[in-house]
Amino acid sequence: MRTSNMFVRSLGVHVPESVSVEHAVREGWYPAEEAERHRQLGAAVAGDMPAPEMARLAVLDAYDRWDESAPRDLDLLLYPSVWHQGPNGWQPQHYLQQHLLGGHVPAFEIRSGCVGMISSLELAASYLRADDARETAMVVSADNHGTPLVDRWRMTPGALIGDAAAAMILGKEYGMAELLSVNVAVIPEADAVNDGAYPLFPPDATVGRGLSFSDRHEEFRRKLLEKQGTGIHLTIQKTMMQQVEQTLDEAGIELGDITRVAFPHGRREDLDGQMSWLGIEEDQTTWDYGRRVGHCGAVDQFIAFEHLLATGGLKAGDHLLMVGFGSGTSVAAAAFRVLSPRPVTKGSRA
């Protein structure tokens, strides 16, 4: 979807301190041979801070960087999430309404896996374009995976699981960056990639079954070899390439115009394949940052975006391409042009 005159007014984050791989190896949490093979450096760990509180801090960070308004002036809040947010039957967006927004702001939780932030940008932009009176929308996501059902050091082969939050404010007026295009597609025939052949009922969490993508991916590979072959992997790659091509075409730019590409913070082996089909080098990616904080649910590309802005990795006139993959299976892409990053003025709202 081409998103004409849609701007990033602000971008806030909350990224906890990382626990190093060296520490995890010493504690026996992470095998030393895995550390050497996969080149991961650490994972951001939030301790016992609830995910919605992390989200609240990211929202405040976003408004500390944009002091022209207040959270209660929003026209829409979308809260994508990946892992459990709080008590069963409770929704995290209401926490933000209670502590920041007030009850008049339409607020919804979005469940579309690790592409949740990117897919929510498409929804938010569409919502703003549908009514001239609507001015700003926020997309915010947070996950704390440090629960008994997740082993962040072994859950995903070759990758580590981190905790983080990010909040992006979209608006129709000039901002720090322009959202040029965003697209999301679902590949329903790949639904079994992450289900592990487990029954749909009762749900895993209600019976205390832990989450291990290693086991689930192995089960999916077994079923492919027995029944379907491996063509579905080609379908996923082809669909992703189509999403990128469509996004760049709608943005009016080419791959050669892209300064940096933000991928999910995953396995090095996956990154090598992604760099190959995009024809880019490692220093154009966010790999070096991602391997220090881990895969943080739906916010990887957004905390990497903030990191690039904060460290001078992106400047006015540069283009950022986000590429996303989610269970289901879904793929996503978004293109941004950096305009004039605003200076950080922290402390204006404690």
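The values are calculated or read from the model by the stated rules, or taken from the named source; none is laboratory data. All values reported here derive from a predicted model rather than from experimental measurement. Here the Cβ positions follow ideal geometry from the backbone for every residue, glycine too, while neighbour counts run over all protein chains shown. Quick note on the areas: whole protein, heavy atoms, side chains included, nothing else; ligands and nucleic acids left out. Shrake-Rupley method; radii C 1.70, N 1.55, O 1.52, S 1.80 Å.
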Grab the DSSP H runs of the chain that are 4 residues or longer, score each as -39,500 (n - 2.57), total them, divide by all residues and round the 222 nm result to the nearest 500 deg cm²/dmol. -9000 deg cm²/dmol
Over all alpha-carbon pairs of the chain, lay out the pair-distance distribution in 20 Å bins, whole %, shortest bin first. 31, 60, 9
Share of the chain's accessible area from carbon and sulfur, percent, 1.4 Å? 51
Per residue value of the accessible surface for the chain (all protein chains in place, 1.4 Å probe), Å²: 43
Would you be so kind as to identify all helices of the chain, as entire DSSP H runs, whose Cα atoms reach 18 Å or more along the helix's own axis and whose mean Kyte-Doolittle hydropathy is at least 0.0? 51-64, 116-129
Cα-Cα pairs in region 292-338 separated by more than 15 Å, as a whole percent of all pairs, come to 48
Would you list Lys172, Lys238 from the most to the least accessible area, probe 1.4 Å? Lys238, Lys172
For peptides 124-130, 199-205, 285-291, 178-184, sequence by mean Cβ density within 10 Å, most packed first: 178-184, 285-291, 124-130, 199-205
Relative contact order of the chain, please, whole-number percent, based on alpha carbon pairs below 8 angstrom and at least 6 residues apart. 26
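Which whole-number percent is the relative contact order of region 96-153 (Cα, under 8 Å, 6+ apart)?
Answer for region 96-153 is 20 percent.
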Please pull out the direction-averaged projected area of region 1-155, using the convex hull of its alpha-carbon atoms, in nm² to one decimal place. 11.1
